[in-house]
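Colleague: This is the structure, below, for whatever I ask next.
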Amino acid sequence: MAKKLKRIEINEKVGPGRVRASRTGGINASTSPIKGFTLNTKHGARVSKTFKGLTLGLQNFNSVVRGRWSTKKEGLNVNLSKSGFSVSAKNSLGTFNFRNPKRSSATFAGIQVRGKNAAWIALLGFVFDLAIILIKLSILIIKRGVLIAAWAIVTLWDLLKLIGSTTIFLIVDLPKQFRKDS
């Protein structure tokens, strides 16, 4: 039986720096004397610059490449790391990572789950939300189709009335006009 552990973490701003303590990561402190430069007791020095979601930098003389882009409305996220791109979709039950499902997360009954246990919950939420979107889209298409059909029927009826009136004019009224004049 897998043991479930809750996240225990303290993350506080203290003076010009920040102190973090967690069950898994231990204790560390960091400060950022100038923008783009950070000193950390656990990870050393980091210099980085972010351009429209793409972060490039150096941390302890190792290169850092990270990119995070998201669409707020659709809930799609694209992440870039040294190992490549990953795409994830946020839904009502969590976030499903398409490239690596083990990196998915989900919240069920107020409990956050990560990893392979979360993948099927997040996938279920994605399928559920996709079904709702498709149903809404179908309803919209049907509504628009009914409106277009009603417009086409009214236009066809008006066209038939015009053709009928023109035919009656040409067959009945126009010859009467010629007979009265002669």
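Since every read-out is calculated from the coordinates, none of them should be taken as a lab result. Everything numeric here is computed off the predicted structure, so don't read it as measured data. FYI the Cβ positions are ideal-geometry reconstructions off the backbone, even for glycines, and counts take in every protein chain you see.
Colleague: Put one equal scatterer on each alpha carbon of segment 1-107, apply the Debye formula with no solvent term, and list log10 I(q)/I(0) at q = 0.13, 0.16, 0.20 1/Å to two decimals.
Modeller: Once normalised to I(0) and log-transformed, intensities are -0.72, -1.04, -1.21.
Colleague: Calculated from DSSP H runs of 4 or more alone, at -39500 (n - 2.57) each and per residue, what is the 222 nm mean residue ellipticity of the chain, nearest 500?
Modeller: Calculated from helices alone, the mean residue ellipticity at 222 nm is -12000 deg cm²/dmol.
Colleague: Rounded to a whole number, what is D in µm²/s for segment 54-100 from Stokes-Einstein with the Kirkwood radius over alpha-carbon pairs (10 °C, 1.306 mPa s)? Provide the component values of the computation, followed by the final result.
Modeller: Details: Rh = 11.8 Å.
Using the Kirkwood radius from Cα pairs, D works out to 135 µm²/s.
Colleague: Counting other beta carbons within 10 Å of each Cβ, put 61, 96, 126 in order, fewest first. Write out the running numbers ahead of the final one.
Modeller: Working: 61 7, 96 26, 126 22.
Going from least to most buried by this count: 61, 126, 96.
Colleague: Please give, to one decimal in nm, the separation of the simple spin-label points placed at residue 9 and residue 174, each 7 Å out from Cα toward the Cβ.
Modeller: 8.5 nm
Colleague: Quick one: of 13/82; 49/90; 90/116; 13/72, which pairs are farther than 23 Å apart, Cα to Cα? Write out the running numbers ahead of the final one.
Modeller: Details: 13/82 30 Å; 49/90 27 Å; 90/116 16 Å; 13/72 29 Å.
Violating the 23 Å Cα-Cα cut-off are 13/82; 49/90; 13/72.
Colleague: Largest first and in whole Å, give the semi-axes of the chain's equivalent ellipsoid, each being the square root of 5 times a Cα gyration tensor eigenvalue. The partial results should precede the final answer.
Modeller: Details: eigenvalues 941, 112, 37 Å².
Each semi-axis is √(5λ); the values are 69, 24, 14 Å.
Colleague: Take segment 82-182, drop everything but the C-alpha atoms, weight them equally and run the Debye formula without solvent; then report log10 I(q)/I(0) at 0.24 Å⁻¹ to two decimals.
Modeller: So the normalised log intensities are -1.10.
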